[in-house]
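Okay, so here's the structure we're looking at.
The values are calculated or read from the model by the stated rules, or taken from the named source; none is laboratory data. Here the structure is a predicted model, which means the values were calculated and not measured. Note that we place each Cβ from the backbone using ideal geometry, even for glycine, and neighbour counts take in every protein chain shown. Only protein heavy atoms, including side chains, enter the accessible area calculation; ligands, DNA and RNA are left aside. Shrake-Rupley method; radii C 1.70, N 1.55, O 1.52, S 1.80 Å.
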Amino acid sequence: MTISLASHPRVRALKSSREREAVAELHKLLEKRYEEVEYSDGLFDDPGALIRYLRARRWNVEAFGFEELISGKWKSLMEVENATGKLYTRGFDRRGRPIFYMRPAKENTFDPEGSLKHLVYCVERTVACIERREAHAIEKCGEHFDDDGQLGKLVIMADFKDYSLAQAINVSTAREVLRIFQDHYPERLGQAFLVDPPWLFSSLWNVIQRFVDHDTKQKAQFVNDPPAQRRERLAATFDLSELEEAVGGDIREPFDSHTYLHTTLSGTEFGLEFSEQLVKSGHAAPAASPRSTAGGSASSAATWAASPAGAASSSSALWPGEASPFCASPFHAVSAPGVLQSFSTPSMAWASLRGSEEDDEALERVASLGAMYVRGFDRSGRPIVY
C-alpha cells in the first residue's frame, strides 16, 4: 500500500477501536498469503474491501473467509466467465455512481458457481471505483466532505437484448445473487434499469421479487420505451455520452474483455472502469475537456484518465476541472466587484441596477450575511438559489 493501513482515511473513520483492530488483524493474517497467490496485488491490502467484509461478518475475523472470496487464482476463471462481456463496469451517471452492465443473453458457461464468483469479482471492481472516487473526494474536501448518500452507490444497467429461455438462470441461482447483494453489499444499489425485459424475465421477476425488500423494488425501472422517449428518459439520470448505444446512449466502442481484465493502474485493475481502461490501453482518446453535467458530479472517464496517474489532480475537483459535488463547505462571501469582474457580459438587468462604488460596497455588506446566493445545480441543470 502507498500509505500505512492504520493511517488510511477509511480506517481512521471507523467508529470504534475494536473495528480498527479487526481490520489490522485481518490484514496481518492475509499478508502472509501475499507471496503465495498469483496476481495478488491489491487483493489483500485494500482497506475498503477489508472493512466491507468485516462489517458483513460483524467484525469477526475468524468467520471471514476473505481468501476464498477473492483470490488471484481466479484470474483464469475470470477470463472464461468474462469473455462475452456479460458483466462489467463502464462510465458514471450524473450523480457520480458507476454503471454496472449486466447482459444475461451473453451467458456462456452455465456454471452456477463460476458465474457467482464472476459476479463477486465484477461487483468488487465496481465498488473499488466507488471507493476510489470517495477517497479522492475525501482528500480534496477534508472535513467538508458530504456525499449525501449518493457516492457510495452503483447503478445497474441490465440489457435484455436477445435474451431467451436458453439463457435463463434457475430460481435458486437468482436467490443466491440476491443474497450476495443483500449480505455483502447492503445499501450499494442506487437504481436498476431493466432494458427491454421479455415476458420470460417478467415471470421470473414476479417470483424473485418476493425475496426483495420494498426499498430495493422501488429502485427498479423497466425500460421499454421507443428510442426517442428512451433517450429522454435516460438523460434524466445519465449523460448519454457516458452510456452505451445499445441501451440508448452514444458510446459505440464495443466491450473488450482482455482490456477489462488486464489494463491496470498501480498494478491492479480494481478501481478502473472500462472507459478509463480504453484510454489507458490506447484504444480511445481522452476527452478534449471535462464535461459538466446537470448533477455536477459525473465527468468523462476519459478526462479522469488523462489526469496525473488517473487520480489526484491539482485542482480541488473530484474530476479535473470540475467542482466537487461532495464538499459541504460553508458559504463564504466574496466582494461584489470581484463577482462582477468574473462575468465578461453581465446581464442587462444587473448592469442597469449597478451604480456607483458605494452601491457595490452596500451589496458586499449584504452579501457577507449569506442571505441570498447561488450555489450548485439540480439534476436538470438549473442553478440553485439559496
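The table below gives the values:
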quantity	calculated
Odd one out for PHE201 among (1) within 21 Å of the chain's Cα centre (by Cα); (2) aromatic (Phe, Trp, Tyr); (3) more than 30 Å from ARG55 (Cα to Cα)	(1)
Residues of region 6-23 classified as open to solvent by less than 80 Å² (accessible area, probe 1.4 Å), free of Cβ contacts under 8 Å to residues at least 40 places away in the same chain, under 19 Å from ALA135 (Cβ atoms) and in a helix (DSSP H, G or I), total	1
Top-ranked residue of region 76-96 - restricted to ones that are open to solvent by less than 10 Å² (accessible area, probe 1.4 Å) and of a type in the set (D, E, K, R), ranked as farthest from GLY114 (Cα to Cα)	ASP93
Number of the exception - GLN209 against (1) open to solvent by less than 30 Å² (accessible area, probe 1.4 Å); (2) over 20 Å from the mean Cα position of the chain (by Cα)	(1)
ALA235 small (Gly, Ala, Ser), surrounded by fewer than 22 Cβ atoms within 10 Å (Cβ to Cβ), more than 20 Å from the chain's Cα centre (by Cα) and modelled with pLDDT of 90 or more	no
Residue pairs meeting the criteria (Cβ under 8 Å; at least 6 apart or on separate chains; first without any contact (Cβ under 8 Å) to a residue 24 or more places away in the chain, in region 227-254; second open to solvent by less than 80 Å² (accessible area, probe 1.4 Å) and assigned to a helix (DSSP H, G or I))	ARG231/LEU240; LEU240/LEU234; GLY249/LEU234; GLY249/LEU240; GLY249/SER241; GLY249/GLU242; ASP250/LEU240; ASP250/SER241
Single residue of THR268, THR263 found to be more than 19 Å from MET102 (Cα to Cα) and within 18 Å of the chain's Cα centre (by Cα)	THR268
Those residues of region 31-47 which are assigned to a helix (DSSP H, G or I) and at pLDDT below 75, in sequence order	GLU31
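Residue-by-condition table, conditions (1) in contact with an Asp or Glu (Cβ under 7 Å, 6 or more places away or on another chain); (2) buried (at least 17 other Cβ atoms within 10 Å of the Cβ):
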residue	(1), (2)
LYS161	yes, no
ALA168	no, yes
SER172	no, no
LEU178	no, no
ARG188	no, yes
GLN191	no, yes
VAL195	yes, yes
TRP199	no, no
SER202	no, no
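Table: residues versus (1) at pLDDT 75 or above; (2) among the β-branched types (Val, Ile, Thr); (3) surrounded by 21 or more Cβ atoms within 10 Å (Cβ to Cβ); (4) in a loop (DSSP other than H, G, I, E, B).
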| position | (1), (2), (3), (4) |
| --- | --- |
| TYR260 | yes, no, yes, no |
| LEU272 | yes, no, yes, yes |
| SER275 | yes, no, yes, no |
| LEU278 | yes, no, yes, no |
| HIS283 | yes, no, no, yes |
| SER292 | no, no, no, yes |
| SER297 | no, no, yes, yes |
